[in-house]
1. Between ALA28 and ALA495, what is the label-point separation in nm under the 7 Å Cα-to-beta-carbon projection?
2. Expressed in nm to one decimal, what extension gain is obtained for the pair LYS398 and TYR348 from 0.36 nm per residue of sequence separation less their Cα-Cα distance?
3. Using the structure shown, list the pairs from LYS396/LYS429; LYS119/LYS582; LYS301/LYS344 with a Cα-Cα distance above 27 Å, or answer none.
4. Please compute the length gained on full extension between GLN339 and ALA430, using 0.36 nm multiplied by the number of residues separating them and subtracting their Cα-Cα distance.
5. Give me, ordered by chain and number, the residues 5 or more places off PHE635 or on other chains with an amide H under 5 Å from its own placed amide H.
6. Counting alpha carbon pairs within less than 8 Å and at least 6 residues apart, what relative contact order, in whole percent, applies to region 520-596?
7. Determine the share of region 535-664's accessible area contributed by carbon and sulfur atoms, expressed in whole percent, with a 1.4 angstrom probe.
8. Residue by residue through region 105-119, what is 3J(HN,Hα) from phi via Karplus (6.51 cos²θ - 1.76 cosθ + 1.60, θ = phi - 60°)? Round to whole Hz and write x for glycine and proline.
Amino acid sequence: MKYLSVRIYALFLCFILSIFKGHTQNQAIIDSLQSVIDASITDSVKAEALMDLAWQQMYADHPEALSLAHEGIRALDNVSSLRIRGYSYTVIGVVHWVGSSYDSAIYYLTKSSDAYQAKGDFRGLAAVYNNLSMVYQNQSDFARSLEYATLALQTAESLRDEKMIGNSLFTVGNVHYLLEDNDKALSYFQRALQTKIRASDKHNLQKIYLNLGSTYHNLKDLDSAAFYYSKCLDVSEHLGDYKALAIASTNLGNLEMDKGVPNEAILFYNKSQEIYSSKLKNDYDYAVLLHSMAKAQLQLKQYNSAEEYAKKSLALAEKLNDFKRLHSAHDVLSQIYQQTGDFKNAFYNVKHAQVFRDSIFNLDKAALLADIETKYETEKKEAQIILQEAELSEQKIKNERNLILIFGLSVILVLIASLYMLNQSRQKKANQLAQQQKELEIKEAYIHAALESQEIERKRFAQDLHDGFGQLISALRLNISNLQDSTHEVESQVAMVEKSESILVEMHSEIRNIAFNLMPVTLIQYGLKDALVELAQRINLSGRISVIIDTQEMSGRLSEIQEISLYRVIQEWVNNVIKYAKANKIIIQLVLHENELNLLIEDDGEGFDPDILKNNAGNGWRNIQSRLNRIKADFDLDSCPNRKGTSLIIDLPIVKQDFFENEPTFV
C-alpha cells in the first residue's frame, strides 16, 4: 500500500511535466485545423474543421470551444451531409455538457441522434446514446440515463462493435455506481475493461480504471482502489486527460482520508483544485472536490474553512439541481454545525439532506415502476395474443362446418387468385426484363465510352509519335547523312554531332512525356500522394494556373485499382477545369479517416449548373462515373452558375486491408 502511494505521487508529477510536451503537440494540431478553416471555401469542410478544433479546445479553453462550435453550427446552413451534421451536433452537445449546460447539451445531442437515425449510422447513434446517458447522470435522472445506456449497449451489440460495446458497458456500470449498487457496477466495469483490452482500444480506458478504483474504494478494498487509481494516472499521462487526472486526484485524497491522514489528502485536493482553476471547468466534479475538502477541514477541526468549502459545494449543487450533490453538501454542513454546537443549522441541514436522499430513492423507485410497467404491458399483449389465437381456432371450426356451402365460391376465388397471380408474375417478369435491358444499355454506354476514350487516347498517342518523333527522326537521319559526307570540315561535323545529341535529348524528353500521360511511373512506384505532387509540378511549370496538393499527413497506400482510378479521376477533372473554368488556383485535399478517405477538389473558376454536366453524354464525365462506381466511391458536386468556385467531393470507403507498406495507425 505504501509503495502504491509513492508510485501514484510520482505518476502525478510525471503527468504534470508531460502537460508541457502535450501542449506543443496539441498546438500543432490546433494550428493545422486553423489553417484548414482559413483556407477552405467549402462549408462542409469548414464546419467539420471548426468542430474538430472545438473538440481540441473543450477542456483547455471552454469559452473558445463554445464559440467555435456555434460558428460550426452556423456553417451547417448550406451543408446537406448527414454525417457532418450528426458529428457537429454531437460536438456542440458535449461542449455544452462539459460546461454544465445540460439542457443545451440534451437539445443538440437529440438533433445529432435524429441526423444519425436519418443516415442509418448506428455507430454514431450508439455514441450519442452514451453521451445522453451521461448528461442525464449529471442531472440525477437515473431512470432516463439507464434507458439511454441500455439503448447504446443494444445498438453496439447489434453492430458487433467491440469498442462501442466496451464504452456502453462502462456507461451502464456508471449508472449503477451512482445508484450505489457497487457489486453490479463492478461487474459492468470489469466486462468493459475486458472488452476494451480484447479490442486493443485505449479510448476511455483511463475512465474505466478510475471507476474501478472508485468502486473498490466504496467496497473498502483500498489496495485495489489505489492500484486502479495508479493505472488511471498512467494512461492519463499519455492521453492528456485533465478531467480524469482531476477526479483521480480527488479520489486519491479521499483514499488518504479513509486511512486517517487528512493532511496528505489536502495535498491531493490542492492539486485537483489547481486543474479546475487553470485547465478545466466542470461544476459537477468541482462540487465533489469541494465536498471532500470540507470533510478534510472538518476532520482537522478547521470549522470555518470546512463551512466555506461546504457552502461552495452547495451553491454548485443548487445550480446543477443535482440531488446527490445537494444531499452530500447538506450532510457535511450538518456535521460541521453539530460539532460547533449550532444545533439549529445542524437540524436544518440534516432535514434537507434526508429530503434529497429520499428524492434519489424515489427516482430509483420510479425507474423500477417503469420496468414493472413495461413487463406488465408485455404480459398483457401476450394475453391478448392467446385470446386472439383462441378466437381464430373457434372461427376455423365454424369455417369447416360451412365448407360444403361455400365450396363453389372457393373454387371461383381460387381461379381468380390464380389468374391474378399469373398476371402479376408476367408483369413482374416484364419489369425484370425491362430493368435488365436498362442495365444492359447503361453497361453498353459505359463500355462504348471506355472504348471511345481508348481510341481517342490511341489517336493522341499516334499523333504524338508522328508529329514529335517523326520530325525528330527525320532531322536525326539528315544529320547522320551529313556526317557521312566527308567533304564537311571537322568543325561542321562536330556541330552536327552536337545537334544530333540535342535531338536525342529532345526525343528522350518526348518519350518521358508520352510515358507519363500513359501511366506515371511515380504512381506505380510511390503511390497516389507522390503522383499528385508530380502532376501538380508539371502543371505549375506552365505558369497559367496554380495547383496545390494537401494530403493532411496521409500515410500508407491504397490498392492499385483505387489509386489508379482516383488519379485518373483527378487528372480528368483538373484538365476540364484548366480548359473551361478560367480558374487561377486548384486545391486538391486528401483527408484520411478510420473508415473513409475524403477527396476534395476545389477551384476558384467560373461555376456552372451541375445538372448540365450530369445529363451530358460526353466521355469524360462517363469515365469519371465509371471509375468511381468501380471502386464503390460516392461523390457530390457543388457548383452554381452565379458564383465563383466549384467543389468535387469524393468519399471512398476503406478498410485496413486496403493499405499496404506504411499502414496508418488509427486512434
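1. According to this spin-label approximation, the distance is 6.0 nm.
2. Gain on stretching LYS398 to TYR348: 10.6 nm.
3. Going by Cα-Cα distance, LYS396/LYS429; LYS119/LYS582 fall outside the 27 Å limit.
4. 23.7 nm
5. Residues meeting the criterion, in which the H sits 1.01 Å from N, are ASP651.
6. 37
7. So the carbon and sulfur contribution to the accessible surface is 45 percent.
8. 4, 5, 4, 6, 5, 5, 5, 5, 5, 5, 5, 5, 5, 5, 7
The values are calculated or read from the model by the stated rules, or taken from the named source; none is laboratory data. The structure presented is a predicted model; accordingly, all values stated were derived computationally and were not measured. Neighbour counts are summed over all protein chains in view; Cβ atoms, including those assigned to glycine, are modelled from backbone coordinates with ideal geometry. Heads up: the accessible areas ignore ligands, DNA and RNA and are worked out on the full protein's heavy atoms, side chains in. Shrake-Rupley method; radii C 1.70, N 1.55, O 1.52, S 1.80 Å.
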